[in-house]
Amino acid sequence: MGKSEMECDCNLIHNESVEKARAIMLDEDTIILISDFYKALCDSTRAKIINALEIGELCVCDISVLLNMTKSAVSHQLKNLKQLNLIKSRKVGKEVLYSLSDKHVQMVFDISKEHVLESYNEEDC
């Protein structure tokens, strides 16, 4: 598809459509929070951690072994995910167990995975 096919060369504003879109537009703070959510997932290590935590709670040692990374590197990524409220932790004795903060994190990850796999499979046809 060439550049000219991607550009709209009309001068007509579809006021009704613009107003419908304006009515559902989120405020800037909410848009930033959503962007931050996806920024967290754009790092493959953080995405792997989210994927691993779909099974339930894991400690930093478990995740380190699973991802073949140092505990320090994993801890850094866990801190980022926790700050963005994508994961939560609880302490059991000296151990800290991490899990997804709620079902929405898993739902978004699963929907993203489904989209990517469908798109990938369609390209193979």
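The values are calculated or read from the model by the stated rules, or taken from the named source; none is laboratory data. Because the structure is a prediction, the values reported are computed rather than measured. Calculation scope for accessible area: heavy atoms of the full protein, side chains included, ligands and nucleic acids excluded. Shrake-Rupley method; radii C 1.70, N 1.55, O 1.52, S 1.80 Å.
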Checklist entry - If one puts a single equal scatterer on every Cα of segment 71-125 and applies the Debye formula without solvent, what log₁₀ I(q)/I(0) results at q = 0.12, 0.13, 0.19, 0.31 Å⁻¹? => result -0.43, -0.48, -0.76, -1.14
Checklist outcome for this item: For segment 106-112, in residue order, the Karplus 3J(HN,Hα) values (coefficients 6.51, -1.76, 1.60; θ = phi - 60°; whole Hz; Gly and Pro = x) are 5, 4, 5, 4, 5, 5, 4
Checklist entry - In the P(r) worked out for segment 61-103, what percent of Cα pairs fall beyond 11 Å? => result 66 percent
Next on the checklist: At 222 nm, what value in deg cm²/dmol follows for the chain if DSSP H runs of at least 4 each add -39500 (n - 2.57) and the sum is divided by all its residues, to the nearest 500?
Outcome noted: -19500 deg cm²/dmol
Checklist entry - Residue-wise, which Karplus ³J(HN,Hα) couplings in Hz belong to segment 13-28, taking 6.51 cos²θ - 1.76 cosθ + 1.60, θ = phi - 60°, and x for glycine or proline? => result 8, 8, 4, 4, 5, 4, 5, 4, 5, 4, 5, 9, 5, 7, 6, 4
Checklist entry - How large is Rg over Rh for the chain, taking Rg from the Cα atoms and Rh as the Kirkwood inverse mean of 1/r across Cα pairs? => result 1.14
Checklist entry - With the other protein chains left in place, how much accessible area per residue, in square angstrom, belongs to the chain at a 1.4 angstrom probe? => result 77 Å²
Checklist outcome for this item: If one builds a Gaussian network model of the chain from Cα atoms under 10 Å apart, the most fluctuating residue listed among H115, H14, H104 is H14
Item to check | With every protein chain in place, segment 44-125: carbon and sulfur % of accessible area (1.4 Å) | outcome: 54 percent
